[in-house]
Amino acid sequence: MNKAYKQHFAECAHCRARQKFHRTLDGSLTILTSLAALFFLFALAVLKHIKPLEHVAFNIFGLDVADTYHMLISAGVAGLCFSVIALALVLTTTPAPTYLGGLAAERAKLIEARLPESIRALLPR
Ligand SMILES: [Zn+2]
């Protein structure tokens, strides 16, 4: 079954192109969801350490400072949870981890091939 499947991909350009498109989509989703998680983490760090919004919340909108922080931190935590769940879903339901791992191994081989012989001899086999 697996052999016939691979054979078909080797022969059929249409299916190969579709597979490549879907792998690209999986890779992009993985990158986007991990970036989203990182940005929410960053936003929480900013809220914790810097207080640039106090002036805006208090003087311009007339909001209570504690309420504003509560609201922003809740939004940050909810966003972080949501993006981590989305990342977990992408990693478990798509072949993205295998695909990205294969891509990384391919790049490593290319880089290794460009190294001078004296350095390549030092690499563990
Ligand atoms: Zn086909």
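A few comments on the model shown:
- With Cα atoms, 0 to 90° folded angle of helix 2-11 axis to the chain main axis: 80
- Size of electric dipole in the chain: Cβ of Lys, Arg +1 and of Asp, Glu -1, about Cα centre, debye, nearest 20: 840
- Rg ratio for the chain: its Cα radius of gyration over 2.2 N^0.38 Å, N being its residue count, equals 1.69.
- Distance from the C-alpha centroid of region 2-47 to that of region 67-125: 11 Å, rounded to the whole angstrom.
- For the chain, built as a Gaussian network whose Cα springs stay under 10 Å, the top-fluctuating residue of LEU32, LEU80, LEU63: LEU63
- For peptides 70-79, 33-42, sequence by mean Cβ density within 10 Å, most packed first: 33-42, 70-79
- Positive-end ranking of ALA78, THR30, CYS12 along the dipole of the chain, with charges on Cβ about the Cα centre, is headed by CYS12.
Each value in this text was obtained by applying a stated rule to the coordinates, not by laboratory testing. What you are looking at is a predicted structure, and each value in this text was computed from that prediction instead of being measured. Heads up, the Cβs are rebuilt from the backbone with ideal geometry, glycines too, and the neighbour counts pull from every protein chain shown.
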